[in-house]
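Each remark here refers to the structure printed beneath this line.
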Amino acid sequence: MRKRKPKLRVINPDPRYGDITVTMFVNNLMWQGKKSLAYELFYAAMDIVSKRTEEPALDVFKTALTNATPQVEVRSRRIGGATFQIPTEIPAKRKTSIGMKWLIRFARERNGKGMAEKLASELLAASKGEGAAVKRKEDTHRMAESNRAFAHFRV
């Protein structure tokens, strides 16, 4: 190790739900430092989710995040002139951040009117085990499974 690990920043819970994961999600959603706008978008999406389902919106969000969060990933490693895709476990913090980034990315790529609508649609799809973010997770898991033979090269 070259340098020491940076101090973990304290993240304050969000105003509506009092949840740290929501704040982390909003921080990922934010563009150009516009946090209040990111909160508005997120809460609007949550309102849409609660209208469409009878369940609490926060539960739908948590389920969607759990369904989109990968457990393993493949890392490229060069061994003796050949490049192998080596499946590796992901640390907990990175798992959730990858899941959040996938949800946000695929919500942005969706077609719909307004970001709140698109985010709500992606969250609902992910909570049902559908949607592009969940598909990406399944593809990643499938790739890790097919390259399981190279797991002994793990660093």
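The values are calculated or read from the model by the stated rules, or taken from the named source; none is laboratory data. Not measured: the values here are computed from a predicted model. As a convention, Cβ positions derive from the backbone with ideal geometry for all residues, glycine included, and neighbour counts pool all protein chains shown.
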Q) Is there any pair with a first residue in region 81-102 that is without any contact (Cβ under 8 Å) to a residue 60 or more places away in the chain and within 20 Å of Ser146 (Cα to Cα) and a second that is of a type in the set (A, V, I, L, M, F, W, C) and part of a strand (DSSP E or B) whose Cβ atoms are under 8 Å apart and which are 6 or more apart or on different chains, and what are they? A) Glu89/Val72; Ile90/Val72
Q: Go through region 103-124 and give me each residue that's under 13 Å from the mean Cα position of the chain (by Cα) and either in contact (Cβ under 8 Å) with a residue 60 or more places away in the chain or surrounded by 17 or more Cβ atoms within 10 Å (Cβ to Cβ) (or both).
A: Leu103, Ile104, Phe106, Ala107, Leu119, Glu122, Leu123
Q. Before we move on, is Thr83 among the β-branched types (Val, Ile, Thr) and out of contact with any Ser or Thr (no Cβ under 8 Å at 6 or more places or on another chain)?
A. no
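To keep it simple, each residue is scored yes or no on (1) assigned to a loop (DSSP other than H, G, I, E, B); (2) under 22 Å from Pro13 (Cβ atoms).
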{"residue": "Phe42", "(1), (2)": "no, yes"}
{"residue": "Leu58", "(1), (2)": "no, yes"}
{"residue": "Lys62", "(1), (2)": "no, yes"}
{"residue": "Leu65", "(1), (2)": "no, yes"}
{"residue": "Trp102", "(1), (2)": "no, no"}
{"residue": "Asn111", "(1), (2)": "yes, no"}
{"residue": "Glu117", "(1), (2)": "no, no"}
{"residue": "Lys135", "(1), (2)": "no, no"}
(Q) Quick check on region 11-37: of everything there that is more than 12 Å from Leu58 (Cβ to Cβ) and within 16 Å of the chain's Cα centre (by Cα), which residue is surrounded by the most Cβ atoms within 10 Å (Cβ to Cβ)? (A) Leu29
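Could you say whether any residue in region 51-59 is of a type in the set (A, V, I, L, M, F, W, C), surrounded by 18 or more Cβ atoms within 10 Å (Cβ to Cβ), closer than 24 Å to Lys128 by Cα and at pLDDT below 95?
Residues of region 51-59 of a type in the set (A, V, I, L, M, F, W, C): 57-58.
Okay, now just the ones that are also surrounded by 18 or more Cβ atoms within 10 Å (Cβ to Cβ), so 57.
Narrowing further to those that are closer than 24 Å to Lys128 by Cα: 57.
If we keep only those that are at pLDDT below 95 as well, we get 57.
Yes, the conditions are met somewhere in region 51-59.
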Q: Could you grab the pairs with beta carbons closer than 7 Å, sequence gap of 6+ or different chains, first residue in region 1-22 and without any contact (Cβ under 8 Å) to a residue 40 or more places away in the chain, second one basic (Lys, Arg) and assigned to a helix (DSSP H, G or I)?
A: none
(Q) Which numbered condition in (1) surrounded by 13 or more Cβ atoms within 10 Å (Cβ to Cβ); (2) modelled with pLDDT under 95; (3) under 12 Å from the mean Cα position of the chain (by Cα) is the only one that Lys93 fails? (A) (1)
(Q) Kindly evaluate Ile98 against the criterion of being within 19 Å of the chain's Cα centre (by Cα), part of a helix (DSSP H, G or I) and not charged (D, E, K, R). (A) yes
(Q) Quick check on my filter: what residues within region 125-147 are closer than 23 Å to Pro56 by Cβ and surrounded by fewer than 19 Cβ atoms within 10 Å (Cβ to Cβ)? (A) Lys128, Gly129, Glu130
Q) Residue check: is Gly99 of a type outside the set (S, T, N, Q) and loosely packed, with under 15 Cβ neighbours inside 10 Å? A) no
